[in-house]
Amino acid sequence: MKLFSKKKLHEDAIEISLSEFISVTGGVIAGIFLLDLLQNIDLLFGLLILYPGLLEMNGNIYSSLAARLSNLLLLEKIKTKHDLKDFILKNIFAVFFLSLVVSLILGLIVYFFVYFVLHTNNLSLVYTAVLSSLFCTIIQFPLTIYTTMLVYKHKLDPENIMGPDITTISDIISVISIIIAIKVLI
């Protein structure tokens, strides 16, 4: 018995290569959006510290959400809309809680770092972290569920595709959310 057929390896290689190409392209797009953010960096010096943490946090939360959903789909544990609804209800609180609590902690760490190192009292760093995380969660949660389901319905392996794609989409949405949060707060 062969573990891997040439056809399956070829299909996986194409899926993974396309996924990585999209990931790299998305990283460039996120960088372009970041250029707009750098014009405001003199107002919020701590964003240089906050930015990587928020991107990593969002990428990790939503890629693991996509991985859990992919696993359940491939193991055929989600067969009906009721099963999907149950999965969403179980995960929505966890995602919101993780996003908001971790962004609050991250914002406080950055605030205290800037306060003790630069002697600048700028609570907008905490507000920016939490507000951008809220914006990102509102957009990214349904997008992750929908995208994973779409990939699975098109008979592609979501475990090959969703990891890099969701982290890239999350990077782009995170940068846009940070920019929106800064514009709202300042």
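As an exercise, identify the trypsin sites (Lys or Arg not before Pro) in the stretch 90-161 lying in DSSP coil whose Cβ has no more than 10 other Cβ atoms within 10 Å. Could you put the intermediate results ahead of the total?
Numbers: sites: Lys90, Lys153, Lys155; in loops: Lys155.
Sites meeting the loop and neighbour criteria: Lys155.
Between Lys79 and Glu11, what length in nm is gained on full extension when 0.36 nm per residue of separation is reduced by their alpha carbon distance? Before the final figure, lay out each step's value.
Numbers: separation 68, 0.36 × 68 = 24.48 nm, distance 2.46 nm.
22.0 nm is the gain from fully extending Lys79 to Glu11.
How big is Rg to Rh over the stretch 55-98, alpha-carbon atoms, Rh as the Kirkwood inverse-mean-distance radius?
On the way: Rg = 11.2 Å, Rh = 11.0 Å.
Rounded to two decimals, Rg over Rh is 1.01.
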**Asked** Using the beta-carbon distance between Glu56 and Phe112 and R0 = 25 Å, what value does 1/(1 + (r/R0)^6) give for FRET efficiency, to the nearest 0.05?
**Response** 0.80
**Prompt:** Scattering from the C-alpha atoms of the chain alone, worked out with Debye: what is log10 I(q)/I(0) at q = 0.14, 0.16 1/Å?
**Reply:** -0.80, -0.96
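Throughout, read-outs are computed from the coordinates displayed, never taken from laboratory work. All figures in this text were calculated on a predicted structure; none of them were measured in a lab. Every residue, glycine among them, receives a Cβ derived from its backbone with ideal geometry; neighbour counts consider all protein chains shown.
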